[in-house]
Amino acid sequence: MMRRTHPALSAWAWLVYGFLYLPILVLIIFSFNDSKFGGTWAGFTTKWYGVLLAREDVREALTNTLLVALSSTLISTVLGTLVGLGLWRYSTRFRLPLTFLLVTPIVIPDVVMGVSLLMFYSLVRGGLELTGWTFENGFWTVMFAHVTFQISYVALTVRSRLAGYDRSLEEAARDLGASSVQSFLRVILPLALPGVLAGALLAFTLSLDDFVVTYFTSGSGFRTLPVLIYTSVKKGVTPDINALSTLLVLVTVVAIIAANAIMRPRPGRRGEA
Amino acid sequence: MLTLRRFFATLGPGVLWLAVFLIVPVAIMFGYSLLTRTDLAQVGGPLTLESWGRVFGYDALFREWVPDNLRVLGRSVLIAGFSTLLCILMGYPLAFYIARQPARRKSFLLLLLIIPFWTNFLIRVYAWILILRPFDLVPSLTATFLGMVYAFLPFFVLPVYSSVEKVDWRLLEAAQDLGASPIKAFMAAVFPQTLPGLIAGILLTFIPALGTFVVSDILGGAKTALIGNLVQNQFGQAGDWPYGSALSFLLMGAVLVGLWLYARSAGQKGLEELI
Amino acid sequence: MFKSFRNAQGAETRVLDDIDLDIRKGEFFSLLGPSGCGKTTLLRILAGFEQPDAGAVLIGGRDMTGVPPNLRPVNTVFQSYALFPHLSVYDNVAFGLRQKGIGGAALRDRVGRAMETVRIGDFGTRKPDNLSGGQRQRVALARAIVNEPEVLLLDEPLSALDLKLRKELQVELSNLQETLGMTFVFVTHDQEEALVMSDRIAVMNRGRVEQLGKAEDLYERPRTAFVANFLGQSNLIPGKVQEVSPGGAVVLTEHGLLRTVYGADLSVGREVMLSIRPEKLRMERDDETEGNEVRARVDDIVYTGAENQYLLEANGQRLVAFQLNSDIGADEDFDYEEEVALYLPPASLVILEEG
């Protein structure tokens, strides 16, 4: 039932798409520009990637970023999958407040999340100091903060993956002699797996890309790539940052396309019932 | 039936995590907003509404209304509002375009829309420096608008799209059949059907635009400082946590009220579709 | 032997109220009732998905109350079939046996036999998504019976199928039950389905068992107005007991005195409700003065093929009579507005419990 779209509408749509991709394209082009100051094209080069990889601080930030992303994704995937499963399985009167709670980390400005965690950590530190313990803001504080905004994405992806399935599947497994753990492992997890993987990929990307929350929770000694980019940008544009940004964009694009591909074959929804 | 045991086996850990790392910090933030700054990044008693007063322009030190803060607030609303308007102009037709493509092409176009949405916000904003610098537009208000629209456009298009996709086009034919001109028929038959998505899109654009500090920080400079920048400053150089808390709480309050209103009109499904 | 006795209350409403059922080994037992009558809840309690608030479930004499579903000698055929979409038909059927640790030749043999029994032997490698509704139904059945449960629970398993297939499967199901000799507990809201298949039926309404008995007993001698109208149709006539004798009772109604073979134990003067099936009413042109006759006028006629349904008015009351459309009676069809005599055979006039 396809309707013809007005040529003006098509033209407008492609203009908007152009607008969306122009900066990314420019970024990529400039990362190969053999000019220290950008602006003008001075020939093709890959040297900025070399410069980038030679930078000690970049390598350290990369390690930090990956460590945070991997561990936070691991935790949030487990927690988020369980939440998604619960959302699918139980229709409780807490459903609306629960959804509200899950949507909140997604919609509140990340500045708010960042500063509230900053104060939370400082208060916890104050409390711990009374007992003689202490900690620095760094890997752990950033990682926990990331888990907080990742959970919702994983939970909602898993829930939407399971949404097409009959809730009595689990009862059927129990009825056929599976314990609740067995029915989770043999029936529910295989069905939810694409959702779990897609959710994990989204969570990983989010962690990789996060700047604001990391900025407020990382303290001075711990930098991730986005924080490093921010600091550099504040100092002035350098071509190696273009190269770094290009790499990050690339990783994200691959992750998103993968997540999309995993989720695409939707479950065969109910029978004809 | 959800018993306590089942709750802790599924929803429990995640909900607990959000309680500790989301609700408690926000509660602490509210508590801090009632204290006073004793030193850089230090707070102390007694309980006072000074910070909240300052949020709304009353300076306790000078005992007078200082319009500076209100000006930042007003400017934030204006800039966020105008950016949202630009998003509507660009995104509303785009949502129609995508919704009316064949299925395969549709999912490709949606993916194309989502990719920039997921790429690093900072990088997306930064890329505009590369484009606008040759025109001597960094920092400027124009750059801020461009950056804002660019950053938030996908937030706007996605909910509008999901509304447009559900539009019952027969109503358009019915309206035309009853003698309405194409434009009148569109306004009467189609536009109201897209309203839930439009409202969600506006909320999802306006709110983060109000809260961001990165865009104006990188592209705008001091003259375009928004609430977000004000908050960032309180937790950075100014070191005034109570004032920053109050500002930040106001920001979050606006978001949650908007979200709540939306949830009330769109219900459970609408809330889930928001993402 | 299977027995369940329970008395449960839900959070706000009582879903099941004082249920005391004794289901016999090897019988086809149906729980029949309108939606919301508690029949599915009762089934889920038998399966172990829900727990009674009070009372006990005994299966084969063993107390199963509180035993989780995976440890009960019971299997369920779900209304939605609940086939595992990620497993093939074979793996679906083998699920329960594998869970019990059965493997190798024994597994192949039993799964194969179960699949043959329900005639899905060729579908082993298919995924449930690629099956028709009827085939899915059979897979669900095979998946349950392969475990040789003491009791097979069936939760409206035919409700998603079209009429023709449903009729076919009704016959197959009752044959299957006879061959296997397994106890079937069948939940349905379709009275005809229950009548066709069951050895005994419990008619449920608002969480209670209204009447329990064989199909014939329920139909011929309904005890309550609910049963009288849920299973088929009934004419209800209120009245007062006038006379009681060992052979029955005489009841004074709006239509005069009516004799029935029931109610010998009632006391004179009691208000009662009489019930008679529309097809038991005999329509005649002339009074034959043998008593139990009511003068009526034909209000409307509905032609349904096999029979004519007459809507009649008698002494301000509306009555319904079905007359078989036989060749012999063809010229005896009655007309609109025609005055007729209705004969109410005393053996067909049932006295309902007050309700």
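What follows draws every value from the coordinates through simple rules; no lab data is involved. Note that the coordinates shown come from a computational prediction; the quantities given were computed from them, not determined experimentally. FYI the Cβ positions are ideal-geometry reconstructions off the backbone, even for glycines, and counts take in every protein chain you see.
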Which distance in nm do the two modelled labels at B:Lys106 and C:Glu148 give, with both placed 7 Å along the Cα-to-Cβ direction?
5.3 nm
At B:Leu195 and A:Leu66, where each label point lies 7 Å from the Cα along Cα→Cβ, what is the point-to-point distance in nanometres?
5.3 nm
Using only the Cα atoms of the range A:1-95, build the gyration tensor, take square roots of its eigenvalues as a ≥ b ≥ c, and label the shape rounded, prolate or oblate: rounded if a/c is under 1.5, else prolate if a/b is larger than b/c, else oblate.
oblate
Could you let me know the centre-to-centre spacing of the range C:37-54 and the range C:192-212, using Cα atoms, in angstrom?
16 Å
Taking the number of other C-beta atoms within 10 Å as the exposure measure, put B:Phe145, C:Phe78 in order starting with the fewest.
B:Phe145, C:Phe78
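Please give me, ordered by residue number, the trypsin sites (Lys or Arg not before Pro) of the range C:93-189 that lie in loop per DSSP and have at most 16 other Cβ atoms within 10 Å.
C:Lys100, C:Arg119, C:Arg126
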Percent relative contact order for chain C, counting Cα pairs under 8 Å at least six residues apart, stands at 16 percent
Hey, could you get me the Stokes-Einstein D for the range B:152-249, Kirkwood radius over alpha-carbon pairs, 25 °C and 0.890 mPa s, rounded to whole µm² s⁻¹?
151 µm²/s
Run the reach check for C:Lys214 against aspartates and glutamates, Cα to Cα strictly under 19 Å, same-chain hits fewer than 8 apart removed. What comes back?
C:Asp20, C:Asp22, C:Glu27, C:Glu178, C:Asp190, C:Glu192, C:Glu193, C:Asp199, C:Glu353
As a test, work out the antiparallel percent of DSSP beta bridges whose residues both lie in chain C, rounded to the nearest 5.
75 percent
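Can you pull out the GluC sites (Glu not before Pro) in the range C:116-208 whose DSSP state is coil and whose Cβ has at most 13 other Cβ atoms within 10 Å?
Hits after loop and neighbour filter: nothing returned.
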Any lysines with Cα under 27 Å of the B:Lys106 Cα? List them, leaving off those in the same chain fewer than 8 positions away.
B:Lys166, B:Lys269
Rounded to two decimals, the Debye log10 I(q)/I(0) of chain A (Cα scatterers, no solvent) at q = 0.08, 0.11, 0.12 Å⁻¹ is -0.47, -0.82, -0.93
With a ≥ b ≥ c taken as the square roots of the eigenvalues of the C-alpha gyration tensor of the range B:53-203, please select rounded if a/c is under 1.5 and otherwise prolate if a/b is larger than b/c or oblate if it is not?
oblate
In debye, nearest 20, what is the charge dipole magnitude of chain A about its Cα centre with +1 on Lys and Arg Cβ and -1 on Asp and Glu Cβ, if you could check?
820 debye
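Quick one: compute the contact order of the range C:233-352, relative version, from alpha carbon pairs under 8 angstrom and 6+ residues apart, as a percent.
30 percent
Is it possible to state the helix-based mean residue ellipticity at 222 nm for chain C, with each DSSP H run of 4+ residues giving -39500 (n - 2.57), the sum divided by total residues, to the nearest 500 deg cm²/dmol? What is it?
Per the formula, -7000 deg cm²/dmol.
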Identify which of B:Pro192, B:Pro159, B:Pro13 has the largest mean-square fluctuation in a Gaussian network model of chain B, with springs joining Cα atoms closer than 10 Å.
B:Pro13
Tell me the Kirkwood radius of the range A:124-273: reciprocal of the mean inverse pair distance over distinct alpha-carbon atoms, in Å.
18.7 Å
In debye, nearest 20: dipole of the protein assembly as shown around its Cα centre with unit charges on the Cβ of K, R (+) and D, E (-)?
4820 debye
Positive-end residue of B:Gly14, B:Val157, B:Phe235, charge dipole of the protein assembly as shown with Cβ unit charges:
B:Phe235
Two-decimal Rg/Rh across the range C:2-224, once Rg and the Kirkwood Rh are taken from alpha-carbon atoms
0.97
Among the aspartates and glutamates, which fall within straight-line cross-link reach of A:Lys47, defined as a Cα-Cα distance under 14 Å, with same-chain neighbours fewer than 8 residues apart omitted?
A:Asp34, A:Asp240
Checking A:Val16, A:Val213, A:Val78 against a Gaussian network model of chain A (alpha-carbon springs below 10 Å), the top fluctuating residue turns out to be A:Val16
Using the Kirkwood radius over Cα pairs of the protein assembly as shown, the Stokes-Einstein translational diffusion coefficient at 10 °C and 1.306 mPa s, in µm²/s and rounded to a whole number, is 48 µm²/s
Once you list every other residue whose beta carbon is under 10 Å from the beta carbon of C:Asn75, what net charge do they have if Lys and Arg are +1 and Asp and Glu are -1?
-1
Rank C:Gln99, B:Ala103, C:Leu281 by how far each Cα sits towards the positive end of the charge dipole of the protein assembly as shown (+1 on Lys, Arg Cβ; -1 on Asp, Glu Cβ) and give me just the farthest.
B:Ala103
Among C:Glu27, C:Glu271, C:Glu338, which one moves the most in a GNM of chain C with springs linking Cα atoms closer than 10 Å?
C:Glu338
What is the sum of charges, Lys and Arg at +1 and Asp and Glu at -1, for the other residues whose Cβ falls under 13 Å from the Cβ of C:Glu216?
+1
Taking the Cβ of each residue in A:His6, A:His146 as the centre, tally the other Cβ atoms inside 10 Å and list the residues starting with the fewest.
A:His6, A:His146
Amide H contacts of B:Leu35 (H built 1.01 Å from N, under 5 Å, at least 5 apart or other chain)
B:Thr48
Just want to confirm a number: the relative contact order over chain A, from Cα pairs under 8 angstrom separated by 6+ residues, in percent.
31 percent
Which translational diffusion coefficient, to the nearest whole µm²/s, is obtained for the range B:2-55 from the Stokes-Einstein equation, given a Kirkwood hydrodynamic radius over C-alpha pairs, 37 °C and 0.692 mPa s?
244 µm²/s
